[in-house]
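Accompanying notes for the structure given below.
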Amino acid sequence: MTFFIRLLACLLFVLPASVALTQQQLVSDPEIYEKDHFRGVCKTAKFDSDYVTRLDINNDGLMDAVVNEGSLICDGKRGPDCNEEGCPYNFYVQVKEGGYLMIATARIFGYDFIKRYGNMVFV
């Protein structure tokens, strides 16, 4: 019985550490981060002007970023990861400590943020 209690105590001690290792990492700039990724994946990567949109998603006064992979031309193919369900969009929020966190990714055809009652709402 004491072996079981010690094992349980060890698991409870190790579990929070493993959860901490899976936390999202800060990205200094999502535009640079994403473009560098595709420059490594594609032989030639071109990005339209609407590849990154900067806006305040969460109404905290900091500029956030939305990356539209449909505005990427990889080896001559526009939006290589797009399909009949849409194109990948990655949503990043800027944090006051510095850097950005990816908060969501979605395969969609488009999106809009509108302000309702003082808050930004995803449409």
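What ³J(HN,Hα) values, in whole Hz, does the Karplus curve 6.51 cos²θ - 1.76 cosθ + 1.60 give for segment 109-119 when θ = phi - 60°, with x put for Gly and Pro?
Each residue of segment 109-119 in turn: 8, x, 7, 8, 10, 10, 9, 10, 6, x, 10 Hz.
Give the cross-link partners of K115 among the lysines, using a straight C-alpha distance below 28 Å as the criterion and excluding same-chain residues fewer than 8 apart.
Cα-Cα hits under 28 Å: K96.
Taking K77 as the anchor, which aspartates and glutamates have their alpha carbon closer than 18 Å to its alpha carbon, excluding any fewer than eight residues away along the same chain?
Excluding near neighbours in sequence, the set is E34, D36, D48, D50, E69, E85.
Report, in debye and to the nearest 20, how large the dipole of segment 48-123 comes out about its Cα centre when Lys and Arg carry +1 and Asp and Glu carry -1 on their Cβ. Can you show the working numbers first?
On the way: 7 positive and 12 negative charges, 41 e Å.
With Lys and Arg at +1 and Asp and Glu at -1, about 200 debye.
Ignoring ligands, DNA and RNA, what percent of the accessible area of segment 44-123 is carbon or sulfur (1.4 Å)? Let's see the in-between values first.
On the way: 2400 of 4610 Å².
In segment 44-123, the share of accessible area belonging to carbon and sulfur is 52 percent.
For C82, C42, write out the residues from largest to smallest accessible area, computed with a 1.4 angstrom probe and no ligands counted. Mind dumping the intermediate values first?
On the way: C82 40, C42 10 Å².
Order by accessible area, largest first: C82, C42.
The values are calculated or read from the model by the stated rules, or taken from the named source; none is laboratory data. Source: prediction; values computed, not measured. Here Cβ is always computed from backbone atoms with ideal geometry, including for glycine, and neighbour counts include all displayed protein chains. We work out accessible area using only protein heavy atoms, side chains counted, and drop any ligands, DNA or RNA first. Shrake-Rupley method; radii C 1.70, N 1.55, O 1.52, S 1.80 Å.
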